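A.B. asks: First the structure, then my questions, so here it is.
The values are calculated or read from the model by the stated rules, or taken from the named source; none is laboratory data. Model, not experiment: these values are computed from the prediction. As a convention, Cβ positions derive from the backbone with ideal geometry for all residues, glycine included, and neighbour counts pool all protein chains shown.
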Amino acid sequence: MPILRINAVGSCAQLVRTDHADQPFADAIAGNLAGAPVLIMLHGYRYSPSQPRLSPHNYILQDSPHESWPHQMGYGEGTPDQGLCIAFGWEAGGTIWRAHREASRSAHALANLIRQLSAHGAGPVNIMAHSLGARVALGALSHLSPGMIGRMILMTGAELRSTAEAALMTAAGLGAQVLNVISRENDVFDFLYEWLLVPHRLGARSLGAGLALPHCVTAQIDNPDHLSGLKLLGFPIPIATRRICHWSSYTRPGLFPLYREFLGGSGKIDLADLRQSLPVTVTQRWSRFLQHPLQPIPIAVQ
């Protein structure tokens, strides 16, 4: 099935016209459902659909092989049961404070889109979201009905854990299976989010601290014990080699096969499998900075 490109415009979801000319939005959705699974992809900070040089549809949400989420999730391969992919763009450009505010507004557009999908016969919608895209996805849950969301992958999400858990305890959130992908490589970004973007409360932590809900599992992709568990499930993922990285949750080799199995129509991997294989605990913040160098430091910078 095709990839539909949709942008948040205010509280509405608008079809990118270059995809389907002047086809009505409802017709584009209805013509591509037919009971097939639906996956919505949400980018994070910096991207702006209104600026071609920053548009996510020209980068990670494009349909060509280069660093493309849809391609790595198997869309465009002609697999009959792959279903519909929706690349959802929202205004995440400008300052980080502006993008943070816009994420809340875009959550309404995402919720409107999912309600339209449901009205046209879609089953539970799956979501994968990076960074502030996780804030968009979580913000939509309180505006949705039970059964509208199936599975979610939050990739180094930018949101407070308390806010995320409140969203996941709503009627729609309780029906979702959630894989929370974290890494101590993201500690700097988690720390800045907690102290610069939200009114800080003593003890408040971001999603990088993990989720403690029965329908959520956290995978720490720089933790050797977590990587061993994923390898036992058939997903060998190389160890992290960087101290700081905000994008490793989708750039690390081996992760997309896991995402594809968890979100795909096969249902080969579910929360029970992940919970059985992954440790409950995660390492403490800044622990990555206390380790010895993972690779020899080049002489030129010693």
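A.B. asks: For a quick check of your reading of the model, give me the residue pairs whose first member lies in the stretch 83-98 and is over 14 Å from residue 70 (Cα atoms), whose second is part of a strand (DSSP E or B), with beta-carbon atoms closer than 8 Å and at least 6 apart or on different chains.
C.D. replies: Hits for this filter: 90/7; 90/8; 90/42; 91/8.
A.B. asks: Of all residues being of a type outside the set (A, V, I, L, M, F, W, C) and touching a Phe, Trp or Tyr at 6+ places or on another chain (Cβ under 9 Å) in the stretch 230-262, which is farthest from residue 37 (Cα to Cα)? Just the residue, please.
C.D. replies: Step one: of the stretch 230-262, the residues of a type outside the set (A, V, I, L, M, F, W, C) are 231, 234, 236, 238, 241-243, 246, 248-254, 257, 259-261.
Imposing the further condition that a residue be touching a Phe, Trp or Tyr at 6+ places or on another chain (Cβ under 9 Å) reduces the set to 243, 246, 250, 254, 257, 259, 261.
On the way: 243: 37, 246: 29, 250: 22, 254: 23, 257: 18, 259: 15, 261: 13 Å.
Going through the qualifying residues, I end up with 243.
A.B. asks: State which residue is nearest to residue 187 (Cα to Cα) when the search covers only the stretch 126-168 and only residues that are among the β-branched types (Val, Ile, Thr) and surrounded by 24 or more Cβ atoms within 10 Å (Cβ to Cβ). Spell out how you get there, then give the answer.
C.D. replies: Of all residues in the stretch 126-168, those among the β-branched types (Val, Ile, Thr) come to 127, 136, 149, 153, 156, 163.
The next check asks that each one be surrounded by 24 or more Cβ atoms within 10 Å (Cβ to Cβ); those that pass are 127, 136, 149, 153, 156.
Numbers: 127: 24, 136: 21, 149: 29, 153: 19, 156: 10 Å.
So the residue we want is 156.
A.B. asks: Considering only residues that are assigned to a helix (DSSP H, G or I), surrounded by fewer than 18 Cβ atoms within 10 Å (Cβ to Cβ) and of a type outside the set (A, V, I, L, M, F, W, C), which ones fall in the stretch 277-292?
C.D. replies: Passing the criteria: only 287.
A.B. asks: Please state which of the following conditions residue 266 fails to meet, knowing it meets all the rest: (1) within 20 Å of the chain's Cα centre (by Cα); (2) surrounded by 15 or more Cβ atoms within 10 Å (Cβ to Cβ); (3) modelled with pLDDT under 95; (4) among the polar types (S, T, N, Q).
C.D. replies: (2)
A.B. asks: Specify the residue that is surrounded by the most Cβ atoms within 10 Å (Cβ to Cβ); the eligible residues are those in the stretch 230-243 that are part of a loop (DSSP other than H, G, I, E, B), at pLDDT 95 or above and among the aliphatic types (A, V, I, L, M).
C.D. replies: 237
A.B. asks: Could we say that residue 67 is under 25 Å from residue 102 (Cβ atoms), modelled with pLDDT under 90, among the acidic types (Asp, Glu) and surrounded by fewer than 16 Cβ atoms within 10 Å (Cβ to Cβ) here?
C.D. replies: yes
A.B. asks: Then there's this: In contact with a Gly (Cβ under 9 Å, 6 or more places away or on another chain) and under 24 Å from residue 127 (Cβ atoms): does that describe residue 248?
C.D. replies: Values: in contact with a Gly (Cβ under 9 Å, 6 or more places away or on another chain): no; under 24 Å from residue 127 (Cβ atoms): yes.
Criteria not met by residue 248.
A.B. asks: Check whether at least one residue in the stretch 141-156 is among the hydroxyl-bearing types (Ser, Thr, Tyr) and under 14 Å from the mean Cα position of the chain (by Cα), and report yes or no.
C.D. replies: yes
A.B. asks: Give just the number: which of (1) at pLDDT 85 or above; (2) more than 21 Å from residue 128 (Cβ to Cβ); (3) not in a helix (DSSP H, G or I) does residue 201 not satisfy?
C.D. replies: Unmet for residue 201, out of (1) at pLDDT 85 or above; (2) more than 21 Å from residue 128 (Cβ to Cβ); (3) not in a helix (DSSP H, G or I): (1).
A.B. asks: Related question: Scan the stretch 196-224 and report the pairs whose first residue is over 16 Å from residue 185 (Cα atoms) and whose second residue is among the aromatic types (Phe, Trp, Tyr), with Cβ atoms within less than 7 Å and a gap of 6+ or a chain change.
C.D. replies: Sorted first by the residue in the stretch 196-224, then by its partner, the pairs are 197/97.
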